[in-house]
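Student: Have a look at this one before I ask anything.
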Amino acid sequence: MTPLLVNLSFIHNPFIEIILRTLAVYAFMIAALRLFGKKELAQLSVIDLVFILLISNSVQNAMVGPDTSLDGGLVAAGALFFANYTLKQILYRSKKISDLVQGEAILLIYEGEANMVNCRKAEITIEELEAAVREHGARDIQKVDLAILEVDGNISVISSDYQSKSRVAHPRKHKFKGRLNKN
């Protein structure tokens, strides 16, 4: 099996070559992160951190090629900033593309019942779901009104148990005047 080799020698400007290499790596990384799931983004473990550091090191040469100069690094960084800004603008303006790249929120719990089909789809175990519920102050899944895996990988949890605790009136200092406000 021969490795995939992309010959960019027809490009005579080394900075244009760096920009194209950087954009190719950027597109690959977005596709790979989308393919491997959004759960990984918000719940970063030590293994995930090491993985990200190694990935960034492994694709560095693919972006800048033989150019290890400051100029080459700055051009690659500039291309990444530009690509990221452009992609965010596209995602903001197009729901269809946003859903394709980021996915959609997934309902995990509704009125105390875990949606196991969606949990399997999101690759979230019942233990991970229970841990997320506890992190949000609910004792167990049955106490949760709604839990959603958001597009950023976080799990949002809404429970009547939490709402009743948060409705307790607490005197607070006014932000500017230093007086106590009654809720």
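The values are calculated or read from the model by the stated rules, or taken from the named source; none is laboratory data. Note that this is a predicted model, so its numbers are computed, not measured. Counting neighbours? That spans all protein chains shown, and the Cβs are built from the backbone with ideal geometry, glycine included.
Student: Could you check the range 113-126 and list, in sequence order, the residues that are surrounded by fewer than 16 Cβ atoms within 10 Å (Cβ to Cβ) and under 15 Å from V157 (Cβ atoms)?
Tutor: E113, I126
Student: Can you name every residue in the range 131-148 that is surrounded by fewer than 16 Cβ atoms within 10 Å (Cβ to Cβ) and out of contact with any Phe, Trp or Tyr (no Cβ under 9 Å at 6 or more places or on another chain)?
Tutor: A131, R134, E135, R139, D140, Q142
Student: Here's a follow-up. Can you give me the number of residues within the range 1-40 that are at pLDDT below 65, surrounded by 15 or more Cβ atoms within 10 Å (Cβ to Cβ) and touching a Leu at 6+ places or on another chain (Cβ under 9 Å)?
Tutor: Selection size over the range 1-40: 3.
Student: Going through S58, S159, S98 one at a time, which residue ends up being surrounded by 13 or more Cβ atoms within 10 Å (Cβ to Cβ), among the small types (G, A, S) and either within 25 Å of L33 (Cβ to Cβ) or assigned by TED's automatic domain parsing to the domain that holds A24 (or both)?
Tutor: Sole residue among the options that is surrounded by 13 or more Cβ atoms within 10 Å (Cβ to Cβ), among the small types (G, A, S) and either within 25 Å of L33 (Cβ to Cβ) or assigned by TED's automatic domain parsing to the domain that holds A24 (or both): S98.
Student: Here is a further query. In the range 113-124, which residues are modelled with pLDDT of 90 or more and assigned to a loop (DSSP other than H, G, I, E, B)?
Tutor: Correct list: N115 only.
Student: Taking the conditions exactly as written (touching a residue at least 24 places away in the same chain (Cβ under 8 Å) and farther than 30 Å from S56 by Cβ), does L108 satisfy them or not?
Tutor: Answer is yes for this residue.
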